[in-house]
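First the structure, in the form of structure tokens, and then the observations on it.
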């Protein structure tokens, strides 16, 4: 790390303008009417496990959840050949995975991205107070090969987990050691897996071992190495400098202090070097549907992150508390950027953040129901530095230096039956946020100043589940969301996506939202259907607003209101004993109101980078002996021509008039050759479609053959 920094320190309906879509959408609408059941083996493998935890912070039957949820399991991650955590959400309704560059990935969840979505690992908050606005790379700093599953809760999380959860909350649950399922005595297991992509000559390998004493303690150790090459697209050819290397390490130790008390220690580490923002550089030299070529000789990100936590969970036989958990965590992250704009304009920026976290959760019986309550606290310690040719280094810090940021929250959520068929949940959270900014560059005085700001906020939710019969239920409710201004909002000093100088502001209030949702699930032995519709209203959104008409400087302000509505559909049907047809569909529409410049008249515009109409259909065959499977998938997206003013000027990423629609086909297969050897293969983008996901700075790969294998012992 730091090789580039020499002195670092600690809206309207989407119209079908694409000829690919008409026949596909008809087929998709026939089959896509809901969220598929965990009981049905479909093309997406097991869409939901029997039990989920993130929506309510405790184990619950996935079919009885009162929220819209999506799950990707470790088996699905391997079978579908996903490279990264963001890419694993590609087949999740309500989500569009934008990629500023090949090494980044930022899911847009119901229209929100970056710091307006909350990322957790084993319940530990990963978001920190330096996250900037718009698509960010941080969701690609967790190794997907170390997870057991990820759980995504859409439009939920502020009551349960606090600030940032406007669009959604994703919890990555890492794999356990398996010591409780092992036979008594010493056990040891291991595996090695490898994957090769022909399009980019990318290689991914992982070694993992698990060992311990059955029923007493267990440990797991995993190492993942990734060497991604430059991707190729049929329209622009080889995209030079889109590849990058990555190294990962994960360790977990678990033991029982007594039959009801488990202790877990875990450590994770990730390092990414030389992740180029290709679209900004001179290597982006082939216009794509009218996009603008890059001009920088180099624009490179390095990313390093570690997480260490100690967690104690227990079941109590007597007393007012039935279950409890307590987690102490420490994280260290480093985010650095190097920009070579010209021989006379070289820029470096680096942010170091140390985060200490504490989370205590209790569970008690109350009023005939179940009460989950607790407190959590996170403290960021921030060091920041920057340089630019010919400028005072103090003026080039990406955020305030020598700063701290505190988040303290207390929450409670009660779930109880109302009638024989009706259950309800009510919850609330009180949050106190405080920013102590040590060194903030003041352009007016040309000197550093310090500042302290704080906010208090209360949010509520009320949700319900009605059981129509054993196979069919309705769920929904109203949920508040909020996001407290972070250190980047208050003191950010970066270059925005449109090339403007983007400054923070010390005069900000929290963003606030209400989401109203209604959904339904149906499942039986051969059919799973469901649907979720939502409406989200957002006030006081913090956006960058020009300080003057036509100016090159923008400043953060609570200056936007937004309304987003959408429909998410998914279905799976067992056609024959071993043949399953499944699919999903996402539709979204959104509008915003914001000033054209500070103090200027307001204008209405579509929500920036909102997902176009997207659907997917898959047909999967599993052999009767379950030794092999084969799956074909077609995914299509409509043209996204509804653009905000900033989208229209972001012509390195978004073509004039909008991002074209596309139709992509793939086929995958897998075989359990022996008890210890599993092979997978895929042919992706069979027709070599030239396409880009809306808002991305890089095209998706052209035709690609993937070969993978896993050996276990």
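Since every read-out is calculated from the coordinates, none of them should be taken as a lab result. Just so it is clear, the structure is predicted and the values come from calculations on it, not from any experiment. When we count neighbours, we look across all protein chains shown, and the Cβ atoms used for this are built from the backbone with ideal geometry, even at glycine.
Kindly list the residues of region 519-548 that lie in the label zone of residue 420, defined by a backbone N under 12 Å from the point 7 Å along the Cα-to-C-beta vector.
none
Report the label-to-label distance for residue 261 and residue 249 in nanometres (one decimal), using points 7 Å from each Cα along the Cα→Cβ vector.
Taking the two extended label points, one gets 3.1 nm.
What FRET efficiency would be calculated for the residue pair residue 469, residue 59, taking the C-beta separation as r and a Förster radius of 22 Å, to the nearest 0.05?
0.40
Run lengths n ≥ 4 of DSSP H only: what is the helix-derived mean residue ellipticity at 222 nm for the chain, with -39500 (n - 2.57) per run over all residues, to the nearest 500?
Rounded to the nearest 500, it is -1000 deg cm²/dmol.
If you look at just the Cα atoms of region 89-129, how large are its Rg and its Dmax in Å?
10.9, 30
Residues of region 143-167 with the amide nitrogen closer than 18 Å to a label point 7 Å from the Cα of residue 478, along Cα-to-Cβ, please.
Answer for region 143-167: 155-160.
Report the paramagnetic label zone for residue 507: residues of region 580-619 whose backbone N is under 11 Å from a point 7 Å from Cα along the Cα-to-Cβ axis.
Zone members listed by number: 599.
I need to check one value: relative contact order of region 100-231, counting alpha carbon pairs closer than 8 Å and at least 6 residues apart, in percent.
Computed value for region 100-231: 21 percent relative contact order.
Set the Förster radius R0 to 30 Å, insert the Cβ-Cβ distance between residue 711 and residue 306 as r into 1/(1 + (r/R0)^6), and round the FRET efficiency to 0.05.
0.55
In region 70-209, what is the volume of the convex hull around the alpha carbon atoms, normalised per residue and reported in Å³?
126
Can you give the direction-averaged projected area of the convex hull of the alpha-carbon atoms in region 48-153, in nm²?
6.6
Express in nm, to one decimal, how much length is gained between residue 625 and residue 683 on full extension, taking 0.36 nm for each residue of separation and deducting their alpha carbon distance.
18.5 nm
Using the Kirkwood radius over Cα pairs, work out the Stokes-Einstein diffusion coefficient for region 425-572 at 10 °C and 1.306 mPa s, in µm²/s as a whole number.
This corresponds to a translational diffusion coefficient of 85 µm²/s.
Express the C-alpha Rg of the chain as a ratio against the empirical globular expectation 2.2 N^0.38 Å, rounded to two decimals.
Dividing the Cα Rg of the chain by 2.2 N^0.38 Å gives 0.92.
Return a whole-number percent for the relative contact order of region 21-712, with Cα pairs under 8 Å and 6 or more residues apart as the contact set.
After rounding, I find 13 percent.
Can you give the FRET efficiency for residue 326 and residue 537, using 1/(1 + (r/R0)^6), R0 = 30 Å, r = Cβ-Cβ distance, to the nearest 0.05?
Rounded to the nearest 0.05, the efficiency is 0.25.
For 186, 629, which order do you get if you count the other beta carbons within 10 Å of each Cβ and list the fewest first?
Ranking 186, 629 by Cβ neighbours within 10 Å, fewest first, gives 186, 629.
Along the Cα→Cβ direction, 7 angstrom out, place labels at residue 649 and residue 293. What is the inter-label distance in nm?
Taking the simple label geometry, residue 649 and residue 293 are separated by 2.4 nm.
For a quick check: sort 362, 166 by the number of other beta carbons within 10 angstrom, fewest at the front.
Taking fewest neighbouring Cβ atoms as first place, the list is 362, 166.
Evaluate the distance, in nm, between pseudo-label points positioned 7 Å from the Cα of residue 430 and of residue 194 along their respective Cα→Cβ axes.
Those two pseudo-labels are separated by 5.9 nm.
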